[in-house]
Amino acid sequence: MIKIAPSILAADFSKLGEEVREVELAGADWIHIDVMDGHFVPNITMGAIVVDALRPLTNLPLDVHLMIANPDQYIEDFANAGADYITVHVEAAPHLHRTIQLIRSFGVKPGVVLNPHTPVESIQHILEDIDLVLFMTVNPGFGGQKFIHSVVPKIEQLSRIIDEKGLDIEIQVDGGINEETIVPCAKAGANVFVAGSAIYSQKDRAAALQGIKQVGEE
Ligand code: DX5
Ligand code: ZN
């Protein structure tokens, strides 16, 4: 039921391949890749070249979270690099429907991301077209921030809409997820959890990952 997507943003970049393999062996379900451009968010991380390098090293789905301005310009690159999911911020995609179709045209599963303050209503007319909704529970840009609780009612709201409409959409949460904060999100209906520092900053990553997953499944 519950999927854990470790965010490699918190990994040791000098040995990224090993870091990915370690969480795969530990039971990770997806690998979350945070792409930041220094424009949409105040930080710069990695591009399609990193997705391409990791692709042969893992069988897990690569979940690419684009925190970039003008995402349309780079979607083909990420698709060719081997992304399985590409999520774009509603706030960065003025022609969201076109962007979603573009992602799908490359055989990649599309998702949309909502910043903590962005209402669920902003995606109500695109739900039929997407596979994933990602709720930010921190302001995007950095790992290791504090979970914003006021996002939880939004998760409940979307979860209700998905049930009513009988849609098949994964609900993902990203930012400040740990053994405590996963609980209200899972209760609210989320099923995919990104965790960066709560896994990679621990000595025993397997124990950390399994601990979070177990609590989420209770
Ligand atoms: C923040 C990123 C997150 C981040 C999560 O902009 O989207 O994926 O890596 O890190 P933690 O789990 O440490 O909050
Ligand atoms: Zn992310």
| message | I'd like to verify a number: residues in region 80-90 that are surrounded by fewer than 21 Cβ atoms within 10 Å (Cβ to Cβ) and either at pLDDT below 95 or touching a helix residue (DSSP H, G or I) at 6+ places or on another chain (Cβ under 9 Å) (or both), how many? | response | 4
| field | Residues that are more than 16 Å from ligand 2 (Cβ to nearest atom) and either hydroxyl-bearing (Ser, Thr, Tyr) or closer than 21 Å to residue 92 by Cα (or both), drawn from region 133-154 | value | 150, 154
| field | Pairs where the first residue, in region 191-218, is closer than 12 Å to residue 4 by Cβ and surrounded by fewer than 16 Cβ atoms within 10 Å (Cβ to Cβ) and the second is modelled with pLDDT under 95 and not polar (S, T, N, Q), C-beta under 8 Å, 6+ apart | value | 217/1
| said: Could you list, ordered by first residue, the pairs with Cβ atoms under 6 Å in which the first is in region 27-42 and in contact (Cβ under 8 Å) with a residue 12 or more places away in the chain and the second is more than 12 Å from ligand 2 (Cβ to nearest atom) and small (Gly, Ala, Ser), at least 6 apart or interchain? | reply: 39/69; 40/69; 40/92
| field | From the options 173, 183, residue that is in a helix (DSSP H, G or I) and among the β-branched types (Val, Ile, Thr) | value | 183
| note | Log entry, pairs with first residue in region 139-154 being under 16 Å from residue 65 (Cα atoms) and assigned to a loop (DSSP other than H, G, I, E, B), second being among the aromatic types (Phe, Trp, Tyr) and more than 12 Å from ligand 2 (Cβ to nearest atom), beta carbons closer than 9 Å, six or more apart or on different chains, reads 140/40; 141/40; 143/200
| task | May I ask you to list pairs of residues, at least six apart or on different chains, whose Cβ atoms are under 7 Å apart, with the first in region 91-102 being farther than 18 Å from residue 67 by Cβ and the second being among the hydrophobic types (A, V, I, L, M, F, W, C)? | result | 97/126
| field | Flag if residue 86 is in contact (Cβ under 8 Å) with a residue 12 or more places away in the chain, within 13 Å of ligand 1 (Cβ to nearest atom) and of a type outside the set (Asp, Glu) | value | no
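Conditions tested, residue by residue: (1) surrounded by fewer than 20 Cβ atoms within 10 Å (Cβ to Cβ); (2) more than 14 Å from ligand 1 (Cβ to nearest atom).
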{"residue": "130", "(1), (2)": "no, yes"}
{"residue": "137", "(1), (2)": "no, no"}
{"residue": "175", "(1), (2)": "no, no"}
{"residue": "178", "(1), (2)": "yes, no"}
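The values are calculated or read from the model by the stated rules, or taken from the named source; none is laboratory data. For clarity, every value in this text was computed on a predicted model and none was experimentally measured. Cβ coordinates were reconstructed from backbone atoms using ideal geometry, including for glycine residues, and neighbour counts include every protein chain displayed.
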